[in-house]
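Beneath this line is the structure, given in structure tokens, with notes to follow.
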Amino acid sequence: MDFEPNETQQLIARSARDFAERNLRPMAAQFDEQGFIPPELLGELAALGLMGVNIPADLGGAEAGAVSYSLAMMEIARGCASTAVTMAVTNMVGEVIVKFGTPEQRQRHVSKLTSGEYLAGAFALSEPGAGSDPAGMTTRAERTDDGWLINGEKQWITSGGWAGVMVVWARTDTAAERRGAKGISCFLVEGGTPGLKVGKKEDKMGLRGSETVPLSFEDCLVPHDALLGELNSGFRIAMMALDGGRIGIASQAIGVGRAALEAAIDYAKQRKQFGRPISEYQAIQWMIADSDTELTAARWLALRAATLKEAGERPFSREAAMAKLFASEAAWRACDSALQVHGGYGYVREFAVERHLRDVRVTRIYEGTSEIQRMVIARANLR
Ligand code: CAA
């Protein structure tokens, strides 16, 4: 087993790190404060290949694989977690279209995602009444002579207001025997399609630079060829996309946790109490040691899941769920300890750890809560 990133992986990670150091880290507090990421920044991410890290080169992607993607995500999240989630969802949408789309759908949408022509992609699965249990969705798509007519509500949609294309799940078969996961299909809906209404931006605790909105579909008509994958097989597509997505969120959490740990180390070295830098006290040293150990373990879990995804030889749902569960919980603890090291200064906006703690919290919730990850891992064991 080789734990050293290869040349391509190192190159992608380095270019993501340089970009984050130059354009994200110094600006992240401002993005958080103003509540948005400048659109041109997303274009720059696309120009570096970071909106399609694991997407074939003929569709404008970097074709650098899932491990490179994980490494790049850690670096971008270390700079700005809001930018990282925008990148994560856009990569996931591009990958799902590559995997399940027709050649026409790929040509139509993927190169616009990778080139930055679309600012972002969006993933519209959750609903007001269906979060952990997406099979309980009520959004419907009805086949008409003119196309598919979509009606329903979606909730917590990252970049939903400005995405060029969104992957939308809807029930296409309402017969009793096809309730639950069966009878759900997947559609590609372009931003600005009549009947698609973008609701009020959520006033979130963290990731404030990334826009999260509810969407409502009111007789939203999309062409027949907007169907992605096979009719009534959409649930499986969502689950497979989330397996990959969870590696991205694990990596995002690790990046934020690392940023918090680095801030704690810098602060502990310069902050003096009782006549000595606080880094000389064992109480502080142990917090640093625990955070480093847990974040390093989380990194290997994420890279292991990414390696399995890249090999493509077997499902990796269990490993992706373990990575997401462990990384999001470890990063939360690392951010909390970093704040504790800062004392009162950690509790004010002037110091970045306050933002890191707010930003990292949602990694235990979105793309499947920690409880859902445990369910996936337990089911794999008990099958
Ligand atoms: N890969 C392929 N197929 C899968 C699969 C996977 N990982 N997981 C399930 N399936 C298939 C099953 O094999 C089954 O197919 P058959 O009927 O043909 O046998 C079908 O899907 C239904 O599976 P389950 O019975 O296991 O489904 P379930 O209703 O019990 O749900 C669950 C399982 C894991 C709990 C799932 O509901 C889940 O992951 N919930 C969490 C939802 C989630 O993560 N939402 C995130 C929203 S997106 C987001 O947050 C993005 C963002 O903006 C940041």
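Arranged from highest to lowest average of other beta-carbon atoms within 10 Å per residue, in what order do the peptides 43-54, 83-94 appear? Let's see the in-between values first.
Working: 43-54: 22.2, 83-94: 28.4.
Those peptides, ordered most packed to least, come out 83-94, 43-54.
Suppose every K and R has +1 on its Cβ and every D and E has -1 on its Cβ; what is the size of the dipole of the stretch 122-230 about the Cα centre, in Debye to the nearest 20?
Using Cβ point charges on Lys, Arg, Asp and Glu, the stretch 122-230 gives about 380 debye.
What does the charge add up to near Glu329, with Lys and Arg as +1, Asp and Glu as -1, over the other residues with Cβ less than 13 Å from its Cβ?
+1
How much FRET efficiency would the formula 1/(1 + (r/R0)^6) give for Gln10 and Tyr281, where r is the Cβ-Cβ distance and R0 is 35 Å, rounded to 0.05?
0.45
Can you tell me the dipole magnitude for the chain around its Cα centre, using point charges on the Cβ only (Lys, Arg +1; Asp, Glu -1), in Debye to the nearest 20?
In total the dipole reaches around 900 debye.
Read phi for every residue in the stretch 259-269 and hand back ³J(HN,Hα) as whole Hz from Karplus 6.51 cos²θ - 1.76 cosθ + 1.60, θ = phi - 60°, with x for Gly and Pro.
Ordered by residue, 3J(HN,Hα) equals 4, 5, 4, 4, 5, 5, 5, 4, 5, 4, 6 Hz.
What is the diffusion coefficient of the stretch 122-230 in µm²/s, taking the Kirkwood radius over Cα pairs and the Stokes-Einstein relation at 10 °C with a viscosity of 1.306 mPa s?
Taking Rh from Cα pairs, D becomes 113 µm²/s.
Quick one: length gained pulling Met239 to Thr296 fully straight, 0.36 nm per residue minus the C-alpha distance?
Contour length minus Cα-Cα distance gives 17.8 nm.
DSSP beta bridges in the chain, what fraction antiparallel, as a percent rounded to 5?
Looking only at bridges with both residues in the chain, the antiparallel portion is about 85 percent.
In a Debye calculation with equal point scatterers on the alpha-carbon sites of the chain and no solvent, what is log10 I(q)/I(0) at q = 0.08, 0.09, 0.12, 0.13 Å⁻¹?
-0.39, -0.50, -0.87, -1.02
Given the stretch 236-382, what whole percent of its Cα pairs are spread farther than 23 Å? Kindly include the intermediate steps, with their values, before the conclusion.
Values: 4192 of 10731 pairs.
When all Cα pairs of the stretch 236-382 are counted, 39 percent exceed 23 Å.
Give me the accessible area per residue for the stretch 236-382, probe 1.4 Å, as a whole number in Å².
Counting only protein heavy atoms, the per-residue value for the stretch 236-382 is 47 Å².
Apply 1/(1 + (r/R0)^6) to the Cβ-Cβ distance of Asp58 and Asp173, taking R0 = 25 Å, and write down the FRET efficiency to the nearest 0.05.
0.10
Evaluate the distance, in nm, between pseudo-label points positioned 7 Å from the Cα of Arg374 and of Glu142 along their respective Cα→Cβ axes.
In this crude label model, Arg374 to Glu142 measures out at 4.2 nm.
Calculate the spin-label point distance for Phe274 paired with Asn151, positioning each point 7 Å from the Cα along the beta-carbon direction, and give it in nanometres.
That separation, rounded to one decimal, is 6.9 nm.
Return the sequence-ordered ³J(HN,Hα) values of the stretch 164-178 in whole Hz as given by the Karplus equation 6.51 cos²θ - 1.76 cosθ + 1.60 applied to θ = phi - 60°, using x for Gly and Pro.
The phi angles translate into x, 9, 10, 8, 10, 9, 8, 7, 10, 9, 9, 4, 3, 6, 10 Hz.
Quick one: in the stretch 85-124, what % of C-alpha pairs are over 11 Å apart? Write down the numbers at each step before the final one.
Working: 444 of 780 pairs.
Roughly 57 percent, rounded to a whole number.
The values are calculated or read from the model by the stated rules, or taken from the named source; none is laboratory data. Just so it is clear, the structure is predicted and the values come from calculations on it, not from any experiment. Every residue, glycine among them, receives a Cβ derived from its backbone with ideal geometry; neighbour counts consider all protein chains shown. Note: accessible area is taken over every heavy atom of the protein model, side chains too, but ligands, DNA and RNA are not part of it. Shrake-Rupley method; radii C 1.70, N 1.55, O 1.52, S 1.80 Å.
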